[in-house]
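Everything below concerns the one structure shown next.
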Amino acid sequence: MSDALNYLVEVRGDALGHYFKFLKDSGKHLDPKTRDLISVITKVHAQTENGFKQYLTRALRDGCTPLEIIDALLMAFPALGLAKIVWATDILLEMGIPEFSPELIAAQPQWRDLMAVADLADGEVRRVDCGARSVFVYREGESCKVYDSHCPHQVTNIPHLALEGLTLTCPKHQWKFDIRTGDCIEKGKHPLKAFETKIEDGRLFARW
């Protein structure tokens with residue numbers, strides 16, 4: 001929520017509580033994905049950028065695919081019109097979410113060669129670019145963990161400079177993550193997105 005809305009909730013939560021209860025109850029018979037897609041459309045219709053980003057990331061977390069989100073926008077064309085769909089698409093492109101890239105949006109998951117395991121010392125973390133996606137790689141003994149470089153809050157692409165020891169801090173809203181587990185340890189509650197890994201012939205592969 002915005003600072004203004006947080007303020008109103010704090011000082012007049014008794015009044016706004018009824019509104020938020022209505023919003024929650026009005027979608028209780030919908031599955032999360034459908035509810036999220038409808039919320040995305042309403043935010044595009046109202047052209048509220050922060051709300052659109054919020055519900056877009058929530059839709060992705062709840063299992064909506066990028067193509068489902070694009071289709072929802074196109075299906076709402078009679079209500080939205082082309083200008084608002086283009087407005088939303090511009091925001092999508094600015095956000096730089098890898099899943100929406102032409103390279104990945106319709107691709108089936110596949111194993112991707114990241115690096116030689118020997119190039120990473122035990123306990124070391126490295127940020128690696130692989131096509132449309134950047135990831136953080138953490139080595140622990142003979143195994144490695146691979147995480148998406150995008151913060152699960154508002155998909156900010158976290159740079160390597162945000163890493164201090166084994167703690168990764170998103171520069172936008174200071175969500176902190178333990179790179180050993182991917183867990184959010186401060187500010188937020190959603191973990192970093194982790195990818196399946198395997199090691200073959202001394203090389204590390206991740207699947208997405």
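Could you check the range 57-76 and list, in sequence order, the residues that are outside any helix (DSSP H, G or I) and either under 22 Å from H173 (Cα atoms) or in contact with a Phe, Trp or Tyr (Cβ under 7 Å, 6 or more places away or on another chain) (or both)?
Taking the range 57-76 as the starting set, the residues that turn out to be outside any helix (DSSP H, G or I) are 62-65, 76.
Across the range 57-76, the qualifying residue is only D62.
Would you point out which residue out of A116, A121, A132 is small (G, A, S) and within 20 Å of R61 (Cβ to Cβ)?
Details: A116 fails: within 20 Å of R61 (Cβ to Cβ); A121 fails: within 20 Å of R61 (Cβ to Cβ).
Being small (G, A, S) and within 20 Å of R61 (Cβ to Cβ) holds for just one of A116, A121, A132, which is A132.
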Could you check P152 against (1) surrounded by fewer than 19 Cβ atoms within 10 Å (Cβ to Cβ); (2) modelled with pLDDT under 95 and say which number it fails?
(1)
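Condition check: outside the structural domain of D62 (by TED's automatic domain parsing) and either of a type in the set (A, V, I, L, M, F, W, C) or over 25 Å from P109 (Cβ atoms) (or both). Does K189 satisfy that?
Working: outside the structural domain of D62 (by TED's automatic domain parsing): yes; either of a type in the set (A, V, I, L, M, F, W, C) or over 25 Å from P109 (Cβ atoms) (or both): yes.
For K189, the condition - outside the structural domain of D62 (by TED's automatic domain parsing) and either of a type in the set (A, V, I, L, M, F, W, C) or over 25 Å from P109 (Cβ atoms) (or both) - is met.
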Against the conditions (1) of a type outside the set (F, W, Y); (2) surrounded by 16 or more Cβ atoms within 10 Å (Cβ to Cβ); (3) touching a strand residue (DSSP E or B) at 6+ places or on another chain (Cβ under 8 Å); (4) not in a strand (DSSP E or B), where does R127 fall short? Just the number, please.
(4)
Inter-residue pairs, beta-carbon under 7 Å, first among the basic types (K, R) and in the range 66-92, second assigned to a helix (DSSP H, G or I), 6+ apart:
K84/V44; K84/H45
Can you name the condition, by its number, that Q54 falls short on among (1) modelled with pLDDT of 95 or more; (2) part of a helix (DSSP H, G or I)?
(1)
Please tell me if A79 is part of a helix (DSSP H, G or I), out of contact with any Phe, Trp or Tyr (no Cβ under 9 Å at 6 or more places or on another chain) and in the same structural domain as F177 (by TED's automatic domain parsing).
no
Evaluation of V137 against (1) surrounded by 18 or more Cβ atoms within 10 Å (Cβ to Cβ); (2) among the β-branched types (V, I, T); (3) without any contact (Cβ under 8 Å) to a residue 24 or more places away in the chain (one fails), failing number:
(3)
For the subset of the range 84-118 comprising residues that are of a type outside the set (A, V, I, L, M, F, W, C) and surrounded by 15 or more Cβ atoms within 10 Å (Cβ to Cβ), which member is nearest to I41 (Cα to Cα)?
K84
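Name the residue that is nearest to L60 (Cα to Cα), counting only residues in the range 171-197 that are touching a residue at least 40 places away in the same chain (Cβ under 8 Å) and in contact with a Leu (Cβ under 8 Å, 6 or more places away or on another chain).
From the range 171-197, those touching a residue at least 40 places away in the same chain (Cβ under 8 Å) are 179-180, 190, 192-195, 197; that's our starting set.
If we keep only those that are in contact with a Leu (Cβ under 8 Å, 6 or more places away or on another chain) as well, we get 179-180, 192, 197.
Working: I179: 22, R180: 24, L192: 13, T197: 21 Å.
Looking at the filtered set, the residue picked out is L192.
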What residue, of D25, D31, D36, is exposed (fewer than 14 other Cβ atoms within 10 Å of the Cβ), of a type in the set (D, E, K, R) and modelled with pLDDT of 90 or more?
D31
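Do you know which residues across the range 49-69 are of a type in the set (A, V, I, L, M, F, W, C) and over 10 Å from D36 (Cα atoms)? Working first, answer last.
Restricting attention to the range 49-69, the residues satisfying the condition of being of a type in the set (A, V, I, L, M, F, W, C) are 52, 56, 59-60, 64, 67, 69.
The answer is F52, L67.
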Mind checking which residues of the range 82-109 are under 30 Å from F205 (Cβ atoms) and either of a type in the set (F, W, Y) or not in a helix (DSSP H, G or I) (or both)?
G96, I97, F100, S101, P102, E103, L104, I105, A106, A107, Q108, P109
Quick check on my filter: what residues within the range 140-170 are closer than 23 Å to E103 by Cα, in contact (Cβ under 8 Å) with a residue 60 or more places away in the chain and assigned to a strand (DSSP E or B)?
V146, N157
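The values are calculated or read from the model by the stated rules, or taken from the named source; none is laboratory data. Fair warning: this is a prediction, and the values are worked out from it, not measured in the lab. FYI the Cβ positions are ideal-geometry reconstructions off the backbone, even for glycines, and counts take in every protein chain you see.
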